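Data first, discussion second: the structure below is written as structure tokens.
The values are calculated or read from the model by the stated rules, or taken from the named source; none is laboratory data. Predicted, not measured: the structure shown is a model, and the values here were computed from it. Every residue, glycine as well, gets a Cβ built from its backbone with ideal geometry; the counts of neighbours run over all protein chains shown.
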Amino acid sequence: MTSEDRESEIDDYVSYLDLLHDEIFSVVDRAKVRLWVLGFSQGASTVVRWVVRGRVEPDRIVVASGMLPAELDERAAARLTLHGPLTVTFGDDDEFASVERINSEEAKLKQLGIAYEMIRFQGGHTITPALLEQLTRSPRN
């Protein structure tokens, strides 16, 4: 994404994800499935923006090894919490997630009043099969 036309680019990808969502659920009965949205790394901001700005109403939101978008404010945070529980995950050896950065992210979540579950796992900047299994066993599932 370029800084020049950032808002238009965000609007474009939110619209694309809405269209993709609508296409999938034109052939799949939404009432018969649980919809999780998962954003990994830089995709974490994409997923949060989609939930806040788009039409998706997920049953669960997972932000994996990534950060909330910088522009997330209280109004947007309120919309985010309307849709499923939020889970944030970080690997213990994630080279992009220092303790300070994770603490800062948690402080932002608390400041915005966002209820969340934090899952730490053995691993780096990745999504492991063990993490996916842990997500399925989570009480917020």
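Go through (1) within 23 Å of R6 (Cα to Cα); (2) polar (S, T, N, Q); (3) at pLDDT below 95 for T46 and report which single condition fails.
With (1) within 23 Å of R6 (Cα to Cα); (2) polar (S, T, N, Q); (3) at pLDDT below 95 applied to T46, the lone miss is (3).
In the stretch 44-92, what count of residues is obtained for those that are part of a loop (DSSP other than H, G, I, E, B), touching a residue at least 24 places away in the same chain (Cβ under 8 Å) and not aliphatic (A, V, I, L, M)?
Matching residues across the stretch 44-92 total 14.
Quick test of your reading of the structure: T89 fulfils all but one of (1) farther than 15 Å from S65 by Cβ; (2) surrounded by 15 or more Cβ atoms within 10 Å (Cβ to Cβ); (3) modelled with pLDDT of 90 or more; (4) polar (S, T, N, Q). Name the failing condition by number.
(1)
For the structure I just gave you, tell me whether A77 is buried (at least 19 other Cβ atoms within 10 Å of the Cβ) and either closer than 19 Å to T128 by Cβ or out of contact with any His (no Cβ under 8 Å at 6 or more places or on another chain) (or both).
Yes, satisfied.
Could you check E95 against (1) touching a residue at least 24 places away in the same chain (Cβ under 8 Å); (2) of a type in the set (D, E); (3) not in a loop (DSSP other than H, G, I, E, B) and say which number it fails?
(3)
Being within 29 Å of D29 (Cβ to Cβ) and under 14 Å from the mean Cα position of the chain (by Cα) narrows it down to one of I119, I61, so name that one.
Testing whether each residue is within 29 Å of D29 (Cβ to Cβ) and under 14 Å from the mean Cα position of the chain (by Cα) leaves just I61.
For the stretch 98-141, give me each residue that is touching a residue at least 24 places away in the same chain (Cβ under 8 Å) and assigned to a helix (DSSP H, G or I).
Listed by number, the residues that qualify are R101, E105, K108, L109, L131, L135.
Considering the stretch 42-66 alone, what residues qualify as being buried (at least 21 other Cβ atoms within 10 Å of the Cβ) and either within 15 Å of I127 (Cα to Cα) or touching a Ser or Thr at 6+ places or on another chain (Cβ under 8 Å) (or both)?
Correct list: A44, I61, V62, V63, A64, S65, G66.
Within the stretch 14-32, is there a residue that is assigned to a loop (DSSP other than H, G, I, E, B), within 10 Å of the chain's Cα centre (by Cα) and at pLDDT 90 or above?
No, because not a single residue in the stretch 14-32 is assigned to a loop (DSSP other than H, G, I, E, B), within 10 Å of the chain's Cα centre (by Cα) and at pLDDT 90 or above.
Take the residues in the stretch 99-130 that are among the polar types (S, T, N, Q) and exposed (fewer than 11 other Cβ atoms within 10 Å of the Cβ), then tell me which one is modelled with the lowest pLDDT.
In this case the residue turns out to be Q122.
Check off (1) more than 23 Å from H125 (Cα to Cα); (2) modelled with pLDDT of 95 or more; (3) buried (at least 19 other Cβ atoms within 10 Å of the Cβ) for G39 and give me the number that stays unchecked.
Unmet for G39, out of (1) more than 23 Å from H125 (Cα to Cα); (2) modelled with pLDDT of 95 or more; (3) buried (at least 19 other Cβ atoms within 10 Å of the Cβ): (1).
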